[in-house]
Structure formats: C-alpha cells, structure tokens
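The values are calculated or read from the model by the stated rules, or taken from the named source; none is laboratory data. Bear in mind that the values here come from a model prediction, so they are computed numbers and not experimental data. Using ideal geometry, Cβ is built from the backbone for each residue, glycine included, and neighbour counts are taken over all protein chains shown.
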Amino acid sequence: MKYTLIEHKNGNHRTILYENAFKKLNIKPTKESNKWTDYDIMIYLINKPLNFGEYTLQKPAFKEVIQNNKKGYINRLPINYLFKYKHLLDLNKFNWFPESIVLNKPEDKKEFDKYKYWILKSSDASQGKGIVISENKDVYSKSKDMKFPIVVQRYIDKPLLLNNHKFDFRVYVLWINNKIYLNKYFYIRLATEPYIDPLDIKSGLTNLSLHGNLDYLIPSEKFFKIYKKEYSHNTAKMAENYLQEKFSKIIKELFDYVNNNYNTSFWKDKKNNYFNLYAFDFIADNNGKMWLLEVNTKPGFADNRKESYAPIIIEDMIKIILKKNQGSFIEV
C-alpha cells in the first residue's frame, strides 16, 4: 500500500509518528502532493474520498463552510464542532459532567451561588489558554475580558490527589464508521505544584501546555504502581478494569446522546468513510467519582520519551482502519 510522504514543518511530531507507523507496517510512500495536512494523509489508507454531501448540523453556516473547503475537511467529522465548541452541547443532564452555564454576552445574568468555585473557559479555546478559576462572587468580574461565549463550569475543588498533586486522565478514543474504540493505555497529567489553593492555576490545572514538563505526564502502568503505594488501603476504585468500565460507560453515553439528539445521518451513511482519534480528559474527585472535563478533537502527542504510548496508539489506529486487528484498542 502507498501513502503520501509529508514534508515536516518544525518537526511535526504527529506526522513523524504516522510515517514511522507506515514504515513499520510496510506502507510505501508515493510521489503525490505533499501539501496535505498530517491528518489528511490517512485518506490514502482507505482509498476513498470522504463525501460531506448535504450534511448540516442544523445550522446552514456549517454546510457552507464545509462545501467551500471540502479538501480541508477530509477526515474531519462534523461531530467535532459539537465537541470543540463547548457551548453547543447541553450535558447537564448527565451526572458525570460538571454543571455548566453559558454566558453568551457580558450582560447575561446567571446564578453562581450553587458552588463556591467555577472554572471559566472560552467556548472554542484549547490547550488551557485563557482559562480562569474563580470564586462564585467573582465570576462576572473575571469574565469581562474573556471571549464570549464563555462556558462557566463547576470546578471540582476536592479532587483525588496523587502525592498531594491534582491530576486528570488523558484517554484516547478512536471513532470509525460509528464504532467506538477505547485505548487501554492512558496518561496521568499531573499538576506541577501541590494542590493547596483551588484558585491557583499552577496547582489547579493539568494542561501540559501550561506546565511544559513531560516528567508530569505519567504512563498508566506507572500510575497504577504509584496509586497502589499511596492508597494501599483502597486500590479497587482506580484498578485498571474499574477505570476501563467507567471511561467506556461515559464515552458511550456521550456518543449515544449525540446520535439521538443531532442530525447524524452523515456518519450513519455507509458510503461515507471517516474516523477520528479523540482525547477524553477525565478527573476523579476524592470519593473516586469520575467526571468528564472535555473532549479534544485533535489531541497533541508531545510525549517523545522511550516509554511513550504515542507510537503504539497511532500504529494500532492504522491497523483498525485497515481492518487488521484492534491491538491496544477495546471496542466500547
């Protein structure tokens, strides 16, 4: 099988991962265009162009954007807009999602006394950019300089800690032709400062872009060892099987919700071929309850260490696309 070789820009790590996986799987390069993005390269694995057809997300503007740039949207699922723009989904009905309130404009008046702490995010922001942690009385004053719409989400201020540090779970999910696969390998993203003050960004957020230290990106195999040592009296709540069950349940409920409440005819049409690798970010509170924080539609793979999970995740994703085997992925 042949694929298009991409010229690297600033050593794009994701593209390097793809090409290393292609070589390992004996997929040969071609001399075709090298102007496609790293995700678009994958279209050659199924040899069929994606057809967005007449799909709309109940908003004509999305149809126009897609139709005017079809090439740019190859392998870009329309569902990604629901996940990317956090204010489009109303997930407050689920007990695994921290209650959220959307401020569409500065003059919006909402009630924030229900919880002491809230986290403010611009609806289309990523990588921890522009995030603010606020007490309920300060939400409006801290939101005035942010980009609207703003998602004001309940802040989990009593998280489960690891060595007195706040952490969350970075879990990888492949969605291909309406099937969901959870990768058994995940990372723990650990804050660089001990968790003392809920309002402190350095101790309260776990985004790698904020901390920039791969030593705080812990592979799941190492996490289980650390957790077992620190919580020897109660390891069952974070055992591997327990976590896979919790992650799978929430992930399936989210995709079922989207399927049942939005126009999903596009990805139910067997003539269309598509896939996407997502990163789901979860956090556990001090009672072990699991919460979904957000879904990343194009997760980064910053980890280039020897113990990195990135190569095996990418390689096994390609195997599923080629209908070989599931590897480290588990069907949900």
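Hey, does the range 247-270 have a residue that's under 16 Å from the mean Cα position of the chain (by Cα), at pLDDT 95 or above, polar (S, T, N, Q) and surrounded by 17 or more Cβ atoms within 10 Å (Cβ to Cβ)? Checked the range 247-270: at least one residue is under 16 Å from the mean Cα position of the chain (by Cα), at pLDDT 95 or above, polar (S, T, N, Q) and surrounded by 17 or more Cβ atoms within 10 Å (Cβ to Cβ). Every condition in (1) of a type in the set (A, V, I, L, M); (2) part of a loop (DSSP other than H, G, I, E, B); (3) within 17 Å of K121 (Cβ to Cβ) is met by V152 except one, and the failing one is (2). Remark: pairs (first residue in the range 97-122, under 30 Å from K246 (Cβ atoms); second residue part of a strand (DSSP E or B) and among the aromatic types (F, W, Y); Cβ separation under 8 Å; 6+ apart in sequence or on different chains) = F97/W291; P98/W291; F112/W118. Contact map, the range 218-242: first residue more than 19 Å from L182 (Cβ to Cβ), second residue in a helix (DSSP H, G or I), Cβ cut-off under 7 Å, separation 6 or more or different chains; pairs are Y227/M238; T235/Y227; T235/K228; A236/Y242. When the range 298-327 is limited to residues that are surrounded by fewer than 18 Cβ atoms within 10 Å (Cβ to Cβ) and among the polar types (S, T, N, Q), the one that is modelled with the lowest pLDDT turns out to be N304. For the range 126-138, the criterion of being in a loop (DSSP other than H, G, I, E, B) and either farther than 14 Å from E294 by Cα or among the basic types (K, R) (or both) is met by at least one residue.
Can you spot a residue in the range 203-213 that is farther than 26 Å from D303 by Cβ and of a type outside the set (V, I, T)? Before the answer, list the steps.
We begin by selecting, within the range 203-213, every residue farther than 26 Å from D303 by Cβ; these are none.
No - not one qualifying residue is present in the range 203-213.
Taking the range 219-240 as the range and being out of contact with any strand residue (DSSP E or B) (no Cβ under 9 Å at 6 or more places or on another chain) and either under 25 Å from F301 (Cα atoms) or at pLDDT below 90 (or both) as the test, the residues that pass are F224, K225, S232, H233, N234, T235, A236, A239.
For first residues located in the range 150-176 and among the acidic types (D, E), partners that are part of a loop (DSSP other than H, G, I, E, B) and surrounded by fewer than 22 Cβ atoms within 10 Å (Cβ to Cβ) and lie 6+ apart or on another chain with Cβ distances below 9 Å form the pairs D157/Y115; D157/K116; D157/P198.
Which residue out of Y187, Y216, Y181 is hydroxyl-bearing (S, T, Y), more than 27 Å from K93 (Cβ to Cβ) and at pLDDT 90 or above?
Numbers: Y216 fails: at pLDDT 90 or above; Y181 fails: more than 27 Å from K93 (Cβ to Cβ).
Criteria check complete, one pass: Y187.
Restricting the range 78-101 to residues that are under 23 Å from A279 (Cβ atoms) and among the aliphatic types (A, V, I, L, M) leaves a set whose member that is modelled with the highest pLDDT is L91.
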